[in-house]
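I have placed the structure first, in the form of structure tokens, so that the comments after it can refer back to it.
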Amino acid sequence: MVRELTQNRWNWSQKDQMWVFIECGDTGEIIYHYQVKPPKEFTEFTLKIKALNDKLIACKDPKENSKIFDEMMKISKRMQFMSKSS
């Protein structure tokens, strides 16, 4: 089952094999913006999550692990709402 694309954030389109940002214009028309490269914000978030994951793997302290994991989850949630300014 294919997930519907969401307005006002970047989406990966399986069908088009591209990133798409869907916005509603002033008169109500739907405007699609496509790009092949991932949004800059996505790349930055991915690198942050990778660095945190490396720390998580190396960390032995459960409290520190929890802090690192929580930070990873915050970044992951922000990835879900990447704006067009990316």
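Structure notes:
- Long-range neighbours under 7 Å by Cβ, at least six apart or interchain, first residue closer than 10 Å to Gln35 by Cα within segment 3-22, second of a type in the set (S, T, N, Q) and assigned to a strand (DSSP E or B): Met18/Gln35; Trp19/Gln35; Val20/Asn11; Val20/Ser13
- Restricted to segment 69-86, and to residues there that are in a loop (DSSP other than H, G, I, E, B) and more than 20 Å from Glu4 (Cβ to Cβ), the residue that is modelled with the highest pLDDT is Ser85.
- When Thr27, Thr46 are checked against the criterion of being out of contact with any Cys (no Cβ under 9 Å at 6 or more places or on another chain), surrounded by 12 or more Cβ atoms within 10 Å (Cβ to Cβ) and among the polar types (S, T, N, Q), a single residue qualifies: Thr46.
- Failed item, numbered, when Thr6 is tested on (1) of a type in the set (Ser, Thr, Tyr); (2) within 27 Å of Glu71 (Cα to Cα); (3) open to solvent by 60 Å² or more (accessible area, probe 1.4 Å): (3)
- Cβ separations smaller than 8 Å between residues 6+ apart or across chains give the following pairs from segment 43-72 residues that are without any contact (Cβ under 8 Å) to a residue 40 or more places away in the chain and more than 20 Å from Ser83 (Cα to Cα) to residues that are assigned to a helix (DSSP H, G or I) and of a type in the set (Lys, Arg): Ile68/Lys55.
- Filter result (touching a residue at least 40 places away in the same chain (Cβ under 8 Å) and open to solvent by 80 Å² or more (accessible area, probe 1.4 Å)) within segment 73-84: Gln80, Phe81, Lys84
The values are calculated or read from the model by the stated rules, or taken from the named source; none is laboratory data. Note that the structure is a prediction, hence the values are computed from the model and not measured. We place every Cβ from the backbone using ideal geometry, glycine too, and count neighbours over all the protein chains shown. What goes into the accessible areas is simple: the full protein's heavy atoms, side chains included, and nothing from ligands, DNA or RNA. Shrake-Rupley method; radii C 1.70, N 1.55, O 1.52, S 1.80 Å.
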